[in-house]
Amino acid sequence: MSYAKVNGIELFYERTGAGDPVLFLHGWGTSGRVWGAQVADLAADHQVITVDWRGCGRSDHPATGNTAADNVADLLALINHLELDRPVLVGSSIGATFALEAALAEPQLVGGVVSVDGPGYWPSQGMTEQLRALTDNLAADRAGTLAGWIPGWFGPAASPALVDWTVRQALDSGVFIDALFAEAAAYDPRPRMAALTVPAVFLHGRLDSEIPLAVSETLAALVPHGSLQAIEGAGHMPQQELPREFNLALRAALERIAAGRIAAAAR
């Protein structure tokens, strides 16, 4: 078990394997454990790092600083702390937002981005009332609200045990991360996507009922070096629902990013 002290926060991380680094970022309320199938696959030929971002899992649960900007600052500080050489950032859900924002802020530290069912602009354009109600309901009945909401993250391939485990993870995370919902309700990255200078691949579960596939299609079209692949039969958590299919798509994404970096260096 390893911890890194960055920006006054103890972040739990795990690192295994050797080769080009890939750093995984989980979604709201979960932890680095959601990437177990990807770690097992990629560690044979990559250096793989998972982290529990602030407020979640085994990292500190601070009462303040639960913003996208603070999570991005933590991520960039962790890259420097671990002396990672331009890792590819793989982010699930809001973790994809952190990955894209990190690449926009410090592109020299990031080798590429894989966005997995990232919310992009959708919370501010299609979910404002839902987010307001969700925040109120979490404050009134956190356990009941999570038990009713989280099953909708998953497509038909997910087992009830996986859903229950995800609910337990969310209950273990800090209540202060709910502040991210208010921030997301005013967030729209589309005007800045053209400034992204690193390759980006958008993976998205075809059956995601939380974030429409069209969001990733739109962002992929706005990014200069962007591409999209839908994961058939998967919902919002394709890396867990269909790990074999997802791992194949992820490896293809990593190859595309590597080729993009080689082509850029040759120009």
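Each row is one residue, and each column tells you yes or no for (1) crowded, with 22+ Cβ neighbours inside 10 Å; (2) farther than 22 Å from Ala63 by Cβ; (3) of a type outside the set (Phe, Trp, Tyr).
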{"site": "Gly8", "(1), (2), (3)": "no, no, yes"}
{"site": "Leu11", "(1), (2), (3)": "yes, no, yes"}
{"site": "Glu14", "(1), (2), (3)": "no, yes, yes"}
{"site": "Ala18", "(1), (2), (3)": "no, yes, yes"}
{"site": "Leu23", "(1), (2), (3)": "yes, yes, yes"}
{"site": "Gly27", "(1), (2), (3)": "yes, no, yes"}
{"site": "Trp35", "(1), (2), (3)": "yes, yes, no"}
{"site": "Val39", "(1), (2), (3)": "no, yes, yes"}
{"site": "Leu42", "(1), (2), (3)": "yes, yes, yes"}
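Scanning the stretch 24-63 for residues that are within 23 Å of Ile211 (Cα to Cα), outside any loop (DSSP other than H, G, I, E, B) and not small (Gly, Ala, Ser) turns up Phe24, Leu25, Arg33, Val34, Trp35, Gln38, Asp52. Considering only residues that are among the charged types (D, E, K, R) and free of Cβ contacts under 8 Å to residues at least 60 places away in the same chain, look in the stretch 106-129 and name the one that is farthest from Ala253 (Cα to Cα). So, considering only residues that are among the charged types (D, E, K, R) and free of Cβ contacts under 8 Å to residues at least 60 places away in the same chain, the one farthest from Ala253 (Cα to Cα) is Glu129.
Per the listing Ala139, Ala170, Ala186, Ala133, the residue uniquely out of contact with any strand residue (DSSP E or B) (no Cβ under 9 Å at 6 or more places or on another chain) and either assigned to a loop (DSSP other than H, G, I, E, B) or β-branched (Val, Ile, Thr) (or both) is Ala186. Considering (1) over 19 Å from Ala99 (Cβ atoms); (2) not in a helix (DSSP H, G or I), the lone condition that Phe12 does not fulfil carries the number (1). Of the conditions (1) at pLDDT 95 or above; (2) surrounded by fewer than 20 Cβ atoms within 10 Å (Cβ to Cβ), Ala182 satisfies every one except a single condition; which number is it? Only one criterion in (1) at pLDDT 95 or above; (2) surrounded by fewer than 20 Cβ atoms within 10 Å (Cβ to Cβ) is unmet by Ala182, namely (1).
Every condition in (1) at pLDDT 95 or above; (2) assigned to a helix (DSSP H, G or I) is met by Ala158 except one, and the failing one is (2). Scan the stretch 236-243 and tell me whether some residue there is assigned to a helix (DSSP H, G or I), surrounded by fewer than 16 Cβ atoms within 10 Å (Cβ to Cβ) and touching a strand residue (DSSP E or B) at 6+ places or on another chain (Cβ under 8 Å). No, there is no match, as no residue in the stretch 236-243 is assigned to a helix (DSSP H, G or I), surrounded by fewer than 16 Cβ atoms within 10 Å (Cβ to Cβ) and touching a strand residue (DSSP E or B) at 6+ places or on another chain (Cβ under 8 Å).
The values are calculated or read from the model by the stated rules, or taken from the named source; none is laboratory data. Computed from a prediction, not measured in an experiment: that's the story for all the values here. Positions of Cβ are generated from backbone atoms using ideal geometry, with glycine treated the same way; all protein chains shown enter the neighbour counts.
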